1. Can you give me the C-alpha center-to-center distance between the stretch B:508-535 and the stretch B:283-314, rounded to a whole angstrom?
2. Taking each residue in B:266-275, count the Cβ atoms of any other chain within 10 Å of its Cβ, then average. What number comes out?
3. Where does chain B land at 222 nm, in deg cm²/dmol rounded to the nearest 500, when only DSSP H runs of n ≥ 4 count, each adding -39500 (n - 2.57), divided by all residues?
4. Gaussian network model of chain A, Cα springs within a sub-10 Å range: biggest mean-square fluctuation belongs to which of A:197, A:40, A:271?
5. In percent, how large is the relative contact order of chain B, given Cα pairs closer than 8 Å and 6 or more residues apart?
6. Counting just the Cα atoms, what span does chain C cover along each of its three principal axes? Round to the nearest Å and put the largest first.
7. Stretch residue B:52-residue B:142 to full length: gain in nm at 0.36 nm per residue minus the Cα-Cα span?
8. Suppose a student asked you for the relative contact order of chain A, using Cα pairs under 8 Å spaced at least 6 residues apart; what percent would you report?
């Protein structure tokens, strides 16, 4: 390792209450879960020194619970847990696909969905799926619990609406039926890759027309985005060449890909468009 | 007679590797070891104006802070490969206040614990006078120069009249090809542990060349070679970046001297991107001229590469173009630019690998212009002799490689036109390319020791970085001695042993195995002499050449082996604990008579997803003529290894520098992508397996197999991508954004 | 000042209960190598990309370079040194030895652990299962072909021994 641990501390609270208290009492303290992101930042010398609160053993933040209206996924649920959850495979297959495509087995065993959201990478694998499923985040602090739609959570590159001392405690996915799902991640190699483009789509048809649709993308904007304009162009329409072309135009106007070392803006734009077309063609 | 040579023998070193017990450089338990952390420059060009070390020196556990201002005097080694004094870069570490590239070592901290050293490293404040760095080849082109020669080979040569032939050629092709900076990225980062005992130094290293490390470090420290002991029994891959001596090995030595106790310096993955070499970027311009029937009339191969400001290393891309095909008019030129980037070094088939990307891509393009099958074009231009050196080949079965691989691949089913093959929505393409690498041999020495329990030690100061030398050394001794391979131990990777060449240039097999054969024969000869002196034995009063030692038994010539004694009984009865045979062999006059070269061919299928332009290498068939195959199991692994590295080179590997400050943007294994398990699909490795009659005088006939396997893979993939898509990518890697 | 936040934790390492002292955010990799002397666990990248530092943590494959020491508290840890029974190799080790799954050998401990983990969970893996299970273990030598063969051979051996 290349970084000194001086200035770092990792404290292990016995309960969620204690954890929230620790976070409230030290505004600089940050939550620590499976370590698959923070330990990488530590190695790279990019992790801010200070106190970290170890959430890993807090059972309150684990587990998947079902109610008639929604399925709630604890923030500490690992990618492996997601892959193994029957209810998610049945009703939220894109989330399972995204979990399968995140890192290797070891990362999937330790990486958590809450961490994937809080890391706020524009290239993260699960957030496009969460957007497609209208996920709602439950945020906890000593001040209480609030719920925010995931669409409102990220505000800019690596920025989100978490208040000081607040953590993501649960992700709530409304239950739904009659949707067709589509997911595609494009990376530099066939596994364990950071995406060049990640596309998640879900569509509900009523006869020949689009009753409702969700489209979300990773790696094409400063944070994962839902393509609301493309969605609205499609709603109520039949899927034909004209509708697809209109949706592609809308999509191009609402993503903002960049050139970086993983790909080019032009490639991302064209692939986003191609994947939209593939998604819609599959739905016909 | 036993026939271990040619057998698919499992690795002798397999057991310690699957159990985690093999000690690599960083694993040796050394009592009282202190830990070092190397600080690297954050600028790429300029001067150190001040180093503030007092905070670090006073930090807990810190034993020393060493930098150019207080380092002991170090000496530039001879820097001569042939005399084993080759450092990675000519400049010695901490030589002065100059900074030549980002990542250059500027100070080293030694502390009781690694954590204390890291902490102190963060307290060192270094001030620089920054000068504008020159990072990119294009920005440095004005200052490009013509290096004269490299490892004894001229870098600018001409035969015939290429310009004239090109202007008169019926068909011509001209294009530029580029390959990016690539890093070896062996999975084991380098490490060095230095232990002084008085004026004697033991260095635990990860090196492809213990003899080179010993002599080069000795010269750098200014002490006698005999005072240095290099220990490197296991190497976690090298691919060239552990061939020469890099500064970390000197740093651990001076640090240990300074603090008067053992010091360990373990490089991080990030260090590995600037501390032990890389493959230079190459910009190659190729012009080909041919007759309508495909006969080449001209080849012009012009290359620009980078080297650093502290060493000259030239990626000699064009030199293979002088002889790979028959052609009367050939010009090859290399120019180099000096940039503020760490020094390049050999990386698996240096020169041949990027050079063949250009030449073999160009040939494919020419084949389309001629409307000719690319295999046919290569056969039409088969070089029956080496037209550069004008020597006959020692042996050459390139046509056999094309035939074997093409048949296995079912190349005959290929449609000539691009974009003509599909698998559902997916575009399918088939491409091929030639592979080649020289058949190098160097002097090597070995010992074979027969012990009183009947077991045998096979000993040489060679190295095994994964290629299988532990096993092949035992195989040859097993055959000569007639002893089961299980009873043979291989000892290598230690500079106290009989000297051997670098594990590079694919030369180990051809250099070491003949020496072992000779040492084993010597051991048996000594055993027969010993038997001849035994009183009251079946051998009494027999001259030693009337005694046979084979198959584990010593017996009178003409007699049944059972009438004699087991080897170990001869030793026991004569009270000898062991018998040691010695062998020293090297290349001879055959080198003046023949050109030694290995050949091969890769046939590749790619699948391209048209929506996202990703390339999957779905099938590879490669055939190689590398002389006799000593061990098909380990040799085939080298084949897989080269192919997957070629897939990485073709599709994903490239190191990205920030041209403003020369820092490396991709200095980790997330951003520098190498292939994963899922990128390997169907790979078939075939061998012609015909002995080279002249490479050695012992009838072994094996050339090396380590490097040829990667050559030609990238162009075969690029050619297949063109066949699939009609898009010619001349700029590696073939990333989807270039293809869409 | 470094090390002042050192904590003492107890875990079961390769079947032995023991207490170790380290900073709670120290890498389990460093604690294993430096304090427990278990150097079979290798560092290849320090950031969870290569899998050379894989261990089984509470029965699950984990990158010890990304595991803070705090997570070793009361944990059961198995490293490569705990896979064989004395000199009797595990079927996965035998298969890697015989099929040539180890080449330079530095990635081998991590890959053996990943394969053991896979076959314990999925005794009859498909090709896709194998590739997915080993996705986090980089190898620069073997071209992965022999690793793949080794896992399938181990699967056959384990099935035979169960039958």
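1. If we compute the Cα centre of each part, the gap is 48 Å.
2. 3
3. Details: 18 runs with 183 residues, N = 740.
That comes out to -7500 deg cm²/dmol.
4. The residue that fluctuates most here is A:40.
5. On the way: 1973 pairs, mean separation 121.4, N = 740.
RCO, chain B: 16 percent.
6. 52, 32, 26
7. Numbers: separation 90, 0.36 × 90 = 32.40 nm, distance 3.83 nm.
Residue separation times 0.36 nm, minus the Cα-Cα distance, leaves 28.6 nm.
8. Values: 595 pairs, mean separation 42.3, N = 284.
The value is 15 percent.
No lab work stands behind these numbers, since they all come straight from the coordinates. Everything quoted here is computed from the prediction, not taken from an experiment. All Cβ positions, even for glycine, are placed from backbone atoms using ideal geometry, and neighbour counts span all protein chains on display.
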